[in-house]
Amino acid sequence: MAAQTEESDTAREQTKAEQDVDQVRQRAARDQQRLDSGAVTSSKDLENLQREIVSLAKRQGDLEDVVLEIMERREAAQERAAELTERVGSVQGRIDDATARRDAAFEKLDGEIASATKEREVIAATVPEDLLKLYDKLRAQQGGVGAAKLYQRTCQGCRQELAVTDINDIRKAAPDTVVRCENCRRILVRTSESGL
């Protein structure tokens, strides 16, 4: 936008400078016409008119130099605006591509969530109601994870190794007893890799 504004500003500046050159050129042409017509007879007036024509020619040359300098700046601004427009197009293409990939990933995740939700409902129907309430309560308190695997005597929820006494208590507990981590209070899931 800044580059386009700069280009627009230099275009206006160029138009104004060209109008100034035109005015000087027209005035010089009128003076030259007066000089050539012989209407001016006084030598002093002729001398003044010739001086003015020379002055106008110098002024016209100076103004034409200004126009050239402005044209160069405008050309540079146009090139910069074109380059930036191309870069914006390229970035927008990458944004569109990333947005499409994101939307596809969201769609895939939505499908996985729906599938996992159905699977959870089936499994939840087989879990005792009081255990499910405890799990949901812990899940809300623990950032979405209410149960964790006990692996090599370490709770995978809080990554803390359980004390020897806690491990002994878990060893003695019946397989269907709900055991919890003493550190994070999550439900511990025992497997053959629990280190019991």
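The values are calculated or read from the model by the stated rules, or taken from the named source; none is laboratory data. This structure is a prediction, so every number in the text was calculated from the model and none was measured. Glycine gets a Cβ as well: all are built from the backbone with ideal geometry, and neighbour counts include every protein chain shown.
Looking at (1) surrounded by 11 or more Cβ atoms within 10 Å (Cβ to Cβ); (2) closer than 30 Å to Ser8 by Cα; (3) at pLDDT 90 or above, can you tell me which one Leu132 breaks?
Condition not satisfied by Leu132: (2).
Would it be correct to say that Arg12 is more than 30 Å from Ala82 (Cα to Cα) and out of contact with any His (no Cβ under 9 Å at 6 or more places or on another chain)? Show your work before the answer.
On the way: more than 30 Å from Ala82 (Cα to Cα): no; out of contact with any His (no Cβ under 9 Å at 6 or more places or on another chain): yes.
Against the criterion (more than 30 Å from Ala82 (Cα to Cα) and out of contact with any His (no Cβ under 9 Å at 6 or more places or on another chain)), Arg12 does not qualify.
Any residue at all in the stretch 144-167 that is modelled with pLDDT of 90 or more, basic (Lys, Arg) and assigned to a helix (DSSP H, G or I)?
no
Here's the yes/no breakdown for (1) free of Cβ contacts under 8 Å to residues at least 60 places away in the same chain; (2) part of a helix (DSSP H, G or I); (3) among the basic types (Lys, Arg); (4) surrounded by 13 or more Cβ atoms within 10 Å (Cβ to Cβ):
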{"residue": "Thr15", "(1), (2), (3), (4)": "yes, yes, no, no"}
{"residue": "Asp22", "(1), (2), (3), (4)": "yes, yes, no, no"}
{"residue": "Ala28", "(1), (2), (3), (4)": "yes, yes, no, yes"}
{"residue": "Arg34", "(1), (2), (3), (4)": "yes, yes, yes, yes"}
{"residue": "Leu49", "(1), (2), (3), (4)": "yes, yes, no, yes"}
{"residue": "Ile53", "(1), (2), (3), (4)": "yes, yes, no, yes"}
{"residue": "Ala57", "(1), (2), (3), (4)": "yes, yes, no, yes"}
{"residue": "Leu63", "(1), (2), (3), (4)": "yes, yes, no, yes"}
{"residue": "Ile95", "(1), (2), (3), (4)": "yes, yes, no, no"}
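In the stretch 168-195, what count of residues is obtained for those that are in a loop (DSSP other than H, G, I, E, B) and free of Cβ contacts under 8 Å to residues at least 40 places away in the same chain? Don't jump to the end; show me each part of the working.
Pass one, the stretch 168-195, residues in a loop (DSSP other than H, G, I, E, B): 173-179, 181-186, 190-195.
Filter again for free of Cβ contacts under 8 Å to residues at least 40 places away in the same chain, leaving 173-177, 179, 181-183, 192.
Of the residues in that region, 10 qualify.
Give all pairs with beta carbons closer than 6 Å in which a residue from the stretch 76-89 that is closer than 12 Å to Thr5 by Cβ meets a residue that is among the hydroxyl-bearing types (Ser, Thr, Tyr); count only pairs at least 6 apart in sequence or on separate chains.
What qualifies is Ala77/Thr10.
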